[in-house]
Amino acid sequence: MFSKKLSALNDEELTPLSPSHKRHKSKPSSSSFFESNNPPPTSSNNPSSSSSSKLGKQKYAQTHPETPPPKNDIPVAQAQRVPTPLKNWDDVNWSRRPNASVAPTQITAFLCYKKWEVDSGGGKEILTWNGVLELYWDDLPEKAGLLPKFSKTTKQDTSVNDGTQQGVSDGSLKLHIPLKLGGGGINMSDYLKRFKSFPYDSVRIDLLTQFHNPLKDGDKPPYFDLQLNRPNLKNRLNDGQFQHVDWTATRHSNDYAIKKFSYALGHNPTPLWSNPAESLPGILLSLQIARTPNFYVSKGMTPLYLVSFFGLLTYNLEPADLPSRISVLSALFLTVYAIQWVTIERLPRLPFSTILDGVAQSVVTALILTATGACISFRAGRPEGGCSGECGDDFDTAAAEKWDLIFACSVLLYIVGFPFGYHVVYKSKQIEDEHGWTRPWTAGKALANKWFSPVEANSLCTDEEFEDKHNKKFMGEGERIINVDEW
């Protein structure tokens, strides 16, 4: 006893099958089967096979007189059934994406920020970063529920493997992509112009993960639909509804701290590599890193400012005691270069001056102005014929003190306005916006910045408050950036 199946399926009812099912040589069947003592047909074009099929139908009608024939079955007496040709699965190109005419493949992205480190040595600052990009999507050939149904006949029963049994893949796939800065890391010293704002320098490292479809026969862009909508865990909903970033890194490394980790979905705004505009999706990543200036401020800039203020205190000496004033200012003048030497060994040899150099030069200028004021006040107070030794009562102290006050106020305004107001506040902010971590993606000089633009952007602010709250474990969303041109 063995089973034979009849099918009224058309070719349009067949869906592509994965290569693992090529071993099935039987024809796809419908959900109804019957028992027969006749041998199964070996070919739909064989006359003996057609006769056996007719005998099977006659026997079925004799044993089941109360059951009418199926509506789609054409009586043999009226017309000859046209056999449905078997599908040759060997001719299917399994490397092509299935259903190329339907909507693009939806891919959900998830970023894992694991570890970053800055190694300073040999005049270089090497940045290394380890992360993971996880992609989730449903693949039609892997989805058992969309495979054609094949009969499975045994001596005990007849069943259909419809792809819904427990343990069968539902078609969901995950791609685990390790992310590293190649070649042993990135030498941040190559971003030379950022050093102009030392010790307030920073850098934005932009990365691009691009997607494109090499199998374009019959496909139409866009091929992929990137999304950031992976649901978050229930115990992590306070950090965001979706899983965008899994943060397991520290905030500080060497002299640096990461200010923000920015990520965005983007595409090519103009035609690129023979692909139309907006047809190539990509994931844009940015590591926004800044130097922590505390060491250089406490060991360099603060002592320099104190030197300038100590220079102003020389105006408390008598205007007639010019040698004492000059000796104090000379000692302070040499102290400036001694302080500057403490921090200079941490910098590469640069072809330009930094903000720290500008502050040091401004302090030297302030000391020179202070000494100049001391000399002018002495000349204003001494008698017309000069003094041989001490001037005594002939020295005009009131006139000298007037010039002391003028120069003291002028030097004080200069110290506050130029080295602090111009160098520390204005110039550092200007360099930071052009070459530092606050620079927008669109202002970058790399090819990735010119060829791809953000569409949906987010930024995860990793400040001190973030570190105190989450330490090294965060899973959630960053802040949504409304104006992507400023991202």
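The values are calculated or read from the model by the stated rules, or taken from the named source; none is laboratory data. Predicted, not measured: the structure shown is a model, and the values here were computed from it. Counting neighbours? That spans all protein chains shown, and the Cβs are built from the backbone with ideal geometry, glycine included.
With the requirement that a residue be buried (at least 21 other Cβ atoms within 10 Å of the Cβ) and hydroxyl-bearing (Ser, Thr, Tyr), what does segment 454-471 give you?
Within segment 454-471, 462 is the sole residue that qualifies.
It is to be established whether one or more residues within segment 343-364 are closer than 21 Å to residue 315 by Cβ and touching a residue at least 40 places away in the same chain (Cβ under 8 Å). Please lay out each step first, then the result.
Quick first cut of segment 343-364, residues closer than 21 Å to residue 315 by Cβ only: 362-364.
Filter once more, keeping what is touching a residue at least 40 places away in the same chain (Cβ under 8 Å): 362-363.
Yes, because at least one residue in segment 343-364 is closer than 21 Å to residue 315 by Cβ and touching a residue at least 40 places away in the same chain (Cβ under 8 Å).
What do you reckon, is residue 339 outside the structural domain of residue 419 (by TED's automatic domain parsing) and either on the phi < 0 side of the Ramachandran plot or under 38 Å from the mean Cα position of the chain (by Cα) (or both)? Steps first, please.
Details: outside the structural domain of residue 419 (by TED's automatic domain parsing): no; either on the phi < 0 side of the Ramachandran plot or under 38 Å from the mean Cα position of the chain (by Cα) (or both): yes.
Taking the combined requirement at face value, the residue does not satisfy it.
Quick check on segment 149-172. Is at least one of its residues at pLDDT 55 or above, under 30 Å from residue 437 (Cα atoms) and not aliphatic (A, V, I, L, M)?
Filtering segment 149-172 down to residues at pLDDT 55 or above leaves 168-172.
Restricting the remaining residues to those that are under 30 Å from residue 437 (Cα atoms) gives none.
No, there is no match, as no residue in segment 149-172 is at pLDDT 55 or above, under 30 Å from residue 437 (Cα atoms) and not aliphatic (A, V, I, L, M).
Got at least one residue in segment 436-444 being surrounded by 13 or more Cβ atoms within 10 Å (Cβ to Cβ), more than 30 Å from residue 197 (Cα to Cα), under 40 Å from the mean Cα position of the chain (by Cα) and modelled with pLDDT of 90 or more?
Looking through segment 436-444, none of the residues is surrounded by 13 or more Cβ atoms within 10 Å (Cβ to Cβ), more than 30 Å from residue 197 (Cα to Cα), under 40 Å from the mean Cα position of the chain (by Cα) and modelled with pLDDT of 90 or more.
From (1) in contact with an Asp or Glu (Cβ under 9 Å, 6 or more places away or on another chain); (2) assigned to a loop (DSSP other than H, G, I, E, B), pick out the condition that doesn't hold for residue 459.
Residue 459 satisfies all of (1) in contact with an Asp or Glu (Cβ under 9 Å, 6 or more places away or on another chain); (2) assigned to a loop (DSSP other than H, G, I, E, B) except (2).
Limited to segment 79-138, what total is found for residues that are modelled with pLDDT of 60 or more, among the hydroxyl-bearing types (Ser, Thr, Tyr), more than 15 Å from the chain's Cα centre (by Cα) and surrounded by 14 or more Cβ atoms within 10 Å (Cβ to Cβ)?
Matching residues across segment 79-138 total 3.
Of everything in segment 254-278, what is of a type in the set (Asp, Glu) and closer than 30 Å to residue 294 by Cβ? Give them in sequence order.
Start the filter on segment 254-278 by keeping residues that are of a type in the set (Asp, Glu), which leaves 255, 278.
255, the sole residue that qualifies.
Of the residues 376, 431, 368, 406, only one is in contact with a Ser or Thr (Cβ under 7 Å, 6 or more places away or on another chain), within 28 Å of residue 306 (Cα to Cα) and part of a helix (DSSP H, G or I); which? Steps first, please.
Working: 376 fails: in contact with a Ser or Thr (Cβ under 7 Å, 6 or more places away or on another chain); 368 fails: in contact with a Ser or Thr (Cβ under 7 Å, 6 or more places away or on another chain); 406 fails: in contact with a Ser or Thr (Cβ under 7 Å, 6 or more places away or on another chain).
Selected residue: 431, the only one of 376, 431, 368, 406 that is in contact with a Ser or Thr (Cβ under 7 Å, 6 or more places away or on another chain), within 28 Å of residue 306 (Cα to Cα) and part of a helix (DSSP H, G or I).
So, in segment 238-253, of the ones that are of a type in the set (S, T, N, Q) and closer than 23 Å to residue 290 by Cα, which residue ends up nearest to the chain's Cα centre (by Cα)? Spell out the reasoning first.
First, pick out the residues of segment 238-253 that are of a type in the set (S, T, N, Q): 238, 241, 243, 248, 250, 253.
When the remaining residues are screened for being closer than 23 Å to residue 290 by Cα, the result is 248, 250, 253.
Working: 248: 15, 250: 17, 253: 19 Å.
Restricting to residues being of a type in the set (S, T, N, Q) and closer than 23 Å to residue 290 by Cα, the top hit is 248.
Please specify each residue of segment 365-379 satisfying the condition of being closer than 12 Å to residue 322 by Cβ and in contact (Cβ under 8 Å) with a residue 40 or more places away in the chain.
The answer is 371, 373, 374, 375, 377, 378.
Among the candidates 378, 474, 407, 395, single out the residue that is buried (at least 17 other Cβ atoms within 10 Å of the Cβ) and touching a strand residue (DSSP E or B) at 6+ places or on another chain (Cβ under 6 Å). So that I can check it myself, show each step before the final result.
Numbers: 378 fails: touching a strand residue (DSSP E or B) at 6+ places or on another chain (Cβ under 6 Å); 407 fails: touching a strand residue (DSSP E or B) at 6+ places or on another chain (Cβ under 6 Å); 395 fails: touching a strand residue (DSSP E or B) at 6+ places or on another chain (Cβ under 6 Å).
Only one candidate passes the filter, namely 474.
Could you tell me which residue of segment 260-304 is farthest from residue 195 (Cα to Cα), considering only residues that are buried (at least 19 other Cβ atoms within 10 Å of the Cβ), hydroxyl-bearing (Ser, Thr, Tyr) and touching a helix residue (DSSP H, G or I) at 6+ places or on another chain (Cβ under 9 Å)?
Restricting to residues being buried (at least 19 other Cβ atoms within 10 Å of the Cβ), hydroxyl-bearing (Ser, Thr, Tyr) and touching a helix residue (DSSP H, G or I) at 6+ places or on another chain (Cβ under 9 Å), the top hit is 262.
Report yes if some residue within segment 284-307 is charged (D, E, K, R) and either under 30 Å from residue 338 (Cα atoms) or part of a strand (DSSP E or B) (or both); otherwise report no.
Of segment 284-307, the ones charged (D, E, K, R) are 291, 299.
Going one step further and asking which of them are either under 30 Å from residue 338 (Cα atoms) or part of a strand (DSSP E or B) (or both), we end up with 291, 299.
Scanning segment 284-307 turns up at least one residue that is charged (D, E, K, R) and either under 30 Å from residue 338 (Cα atoms) or part of a strand (DSSP E or B) (or both).
With respect to residue 347, determine if the residue is of a type outside the set (Gly, Ala, Ser), under 42 Å from the mean Cα position of the chain (by Cα), outside the structural domain of residue 197 (by TED's automatic domain parsing) and closer than 24 Å to residue 422 by Cα.
Numbers: of a type outside the set (Gly, Ala, Ser): yes; under 42 Å from the mean Cα position of the chain (by Cα): yes; outside the structural domain of residue 197 (by TED's automatic domain parsing): yes; closer than 24 Å to residue 422 by Cα: yes.
Yes.
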